[in-house]
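Have a look at the structure below before the remarks.
The values are calculated or read from the model by the stated rules, or taken from the named source; none is laboratory data. Just so it is clear, the structure is predicted and the values come from calculations on it, not from any experiment. Neighbour counts are summed over all protein chains in view; Cβ atoms, including those assigned to glycine, are modelled from backbone coordinates with ideal geometry. Note: areas computed on protein heavy atoms with side chains; ligands, DNA, RNA excluded. Shrake-Rupley method; radii C 1.70, N 1.55, O 1.52, S 1.80 Å.
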Amino acid sequence: MASNRHLGRIIALQTLYEFEFRRDSGDTTAELDEILDRNLERYEDTVDDKAFVQQLVHGVEADVKRLDDAIQPIAPEWPLEQIARVDRTILRLALFELLDLQELVPAKVAINEAVELAKAFGSDNSSKFVNGVLGTAYRTLIEGKSNNASAKV
């Protein structure tokens, strides 16, 4: 049985994936909250922390450009449009957790969860790719920021 937050991340991944797919396919009726509510309803008896799922979905969607701008230099040989949609969505979710939910989610948990999502929903090489990109993101965006802050003190 998946942990509550793990299941929440699965729901967030499915919601963001469907929303982006439908929007990119020209579906003008795609509404993020409708998709999220439908997906949450499926697991109504299992997911206790719906606020966490909502925070992930709305946080990622609100900051897609910022997250993509952070991902691109970390994986320069992979233009974002060439990264599989599921891998790109997993990277956005994890990067949002790393950058914006540090008080709520330890970095290693965010990375491990993303790797598990990639194993479950991505291709054969997705977990290695996600792990590599997020490892670099952690070293450059998280550790680098804290090292620079302590050097200024």
Inter-label distance, nm, simple model (7 Å from Cα along the C-beta direction), residue 108/residue 143
1.3
At a Cα cut-off below 14 Å, give the aspartates and glutamates reachable from residue 65, other chains included and same-chain residues fewer than 8 away excluded.
20, 81
With the other protein chains left in place, how much accessible area per residue, in square angstrom, belongs to the range 37-91 at a 1.4 angstrom probe?
54
Between the modelled labels at residue 34 and residue 65 (7 Å from Cα along Cα→Cβ) the distance in nm is 2.6
With a 1.4 Å probe and all protein chains in place, put 89, 46, 140 in order of accessible area, largest first.
140, 46, 89
According to a simple spin-label model (label point 7 Å from Cα along Cα-to-Cβ), what is the distance in nm between residue 4 and residue 78?
3.2
With residue 100 itself left out, Lys, Arg at +1 and Asp, Glu at -1 over residues whose Cβ is under 10 Å from its Cβ give -2
Computed accessible area, residue 44, all protein chains, 1.4 angstrom probe, square angstrom:
110
Here are a few candidate values for P(r) over Cα pairs in 5 Å bins from 0, in percent: [x] 2, 7, 11, 16, 18, 17, 15, 10, 4, 1, 0; [y] 1, 9, 19, 22, 21, 14, 8, 3, 1, 1, 0; [z] 2, 8, 16, 18, 17, 11, 7, 5, 4, 4, 3, 3, 2, 1, 0, 0. Which one was actually calculated from the structure I just gave you?
[y]
Residues of the range 86-114 with backbone nitrogen within less than 14 Å of a virtual label 7 Å along the Cα-to-Cβ line of residue 46, please, listed as ranges.
none
Aspartates and glutamates with Cα under 20 Å of residue 119, excluding same-chain neighbours fewer than 8 positions away:
18, 87, 97
